[in-house]
């Protein structure tokens with residue numbers, strides 16, 4: 001029950017977040033099989049990435065799910081590198097219409113607080 005409440009809370013929170021992450025910077029995550037995600041799926045996914053990059057500690061796993069489409073996924077903050085710039089390594093998994101995609105990438109925060117894929 002706690003996990004269900006936590007997941008619902010995350011969906012509500014991420015749905016309300018304003019995304020400062022530029023859409024083109026996340027396009028790579030949607031480039032394969034983009035037609036498998038609804039507009040709401042993509043919005044939930046982008047909001048989860050933004051939330052994770054901004055506020056979650058290393059090792060933390062966030063989940064998202066769109067009950068309407070059945071699409072879902074996870075994101076784990078794999079690590080943070082402060083040596084040159086504030087950068088975060090993330091591991092992403094998405095499931096939509098029977099297709100699973102996995103990727104790992106690094107985002108760095110710019111001086112204007114925007115996240116850019118490295």
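The values are calculated or read from the model by the stated rules, or taken from the named source; none is laboratory data. Values in this document were obtained by computation on a predicted structure and should not be read as measured data. Note that we place each Cβ from the backbone using ideal geometry, even for glycine, and neighbour counts take in every protein chain shown.
Counting just the residues of the stretch 47-64 that are more than 19 Å from residue 112 (Cα to Cα) and outside any loop (DSSP other than H, G, I, E, B), which one comes out farthest from the chain's Cα centre (by Cα)?
In this case the residue turns out to be 61.
How many residues are farther than 17 Å from residue 44 by Cα, in contact with a strand residue (DSSP E or B) (Cβ under 8 Å, 6 or more places away or on another chain) and either free of Cβ contacts under 8 Å to residues at least 24 places away in the same chain or outside any strand (DSSP E or B) (or both) when one looks only at the stretch 85-101?
Within the stretch 85-101, residues that are farther than 17 Å from residue 44 by Cα, in contact with a strand residue (DSSP E or B) (Cβ under 8 Å, 6 or more places away or on another chain) and either free of Cβ contacts under 8 Å to residues at least 24 places away in the same chain or outside any strand (DSSP E or B) (or both) number 3.
If we scan the stretch 15-31, do we find a residue that is touching a helix residue (DSSP H, G or I) at 6+ places or on another chain (Cβ under 8 Å), at pLDDT below 90, surrounded by fewer than 18 Cβ atoms within 10 Å (Cβ to Cβ) and in a helix (DSSP H, G or I)?
Checking the stretch 15-31: at least one residue is touching a helix residue (DSSP H, G or I) at 6+ places or on another chain (Cβ under 8 Å), at pLDDT below 90, surrounded by fewer than 18 Cβ atoms within 10 Å (Cβ to Cβ) and in a helix (DSSP H, G or I).
Looking only at the stretch 65-84, count every residue that is closer than 20 Å to residue 38 by Cβ and either within 11 Å of the chain's Cα centre (by Cα) or assigned to a strand (DSSP E or B) (or both) and tell me the total.
Result for the stretch 65-84: 5.
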